[in-house]
1. In whole Hz, with x marking every Gly and Pro, tabulate ³J(HN,Hα) for the stretch 170-179 from phi via Karplus 6.51 cos²θ - 1.76 cosθ + 1.60, θ = phi - 60°.
2. Can you give the extra length, in nm with one decimal, that the chain gains between Phe50 and Val134 once fully stretched, where that is 0.36 nm per residue apart less the Cα-Cα distance?
3. Tell me, what is the FRET efficiency for Tyr105 and Asp189 to the nearest 0.05, using R0 = 22 angstrom and their Cβ-Cβ distance as r?
4. Per residue of the stretch 74-84, in order, report the coupling 6.51 cos²θ - 1.76 cosθ + 1.60 (Karplus, θ = phi - 60°) as ³J(HN,Hα) in whole Hz, putting x for Gly and Pro.
Amino acid sequence: MDSYAKLERLWQDQNSAIQQQFHLNLETLRGLKIMKAQSHLNNYLSLNIFSLLVGCLFSSFALFFAFNHTEQTHLLSAGLVLSIWGVFICAGAVMQIRRILMLDYSAPVLKLQQQLQHIRLSALVHTRTALLIVPFYPAFLLVMAQALLGFDLLQNASQGWLLLHAALSLLLLPATLWLYRALAPENIDKPGIRWLMQGNGSQALAAIYELNRIRRFNTAV
């Protein structure tokens, strides 16, 4: 009986040691995967900080340009359009930065994945917003020609040139609206959308993949 009791205690001690080692390995895996996920998101955070700085500078420049040309309606309008677009870029970057900084890496994996998914979806929303400027590309041409060359395109370009860009702008409108609809949140995992989202939300997706590995490991055991 004494030998059986000793054997049972040894078995219990061994089982306890195995359980402790398992939990230690699980915590180590979680730590490594979260560190890798953080690395992906740090890259994305840097991208959004850069977008915020560029957006603020661009919007300020466009607004300054608009107020310097208040007597020329077409230049004033072009500057305001670009300035408003820049504000949207800044707002989107601020929202993304806020979401990333507020991530709770100590939260359960499922909750953390949900937060990362929100980052991906909001990145898609801001990509859709940025696309809306495409049909208004003539505003870029007007502002850049005047600001860099002192050349008023509307007043000096030929009628054929103006008609060409007006037609292109109209043709780009339905194409942009189609792409806007294609970039709906429910399509975020489609191959084409993934390709378009490279560098804009793809880092959040990479972080989700890392956390998925932890979930699969939990499920397997």
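1. 5, 5, 6, 4, x, 5, 5, 5, 4, 5
2. Computed gain between Phe50 and Val134 is 28.1 nm.
3. 0.40
4. 5, 6, 4, 5, 4, x, 5, 4, 5, 5, 5
FYI, it's all coordinate maths here, none of it is from the lab. Keep in mind it's a predicted model, so treat the numbers as computed, not measured. FYI the Cβ positions are ideal-geometry reconstructions off the backbone, even for glycines, and counts take in every protein chain you see.
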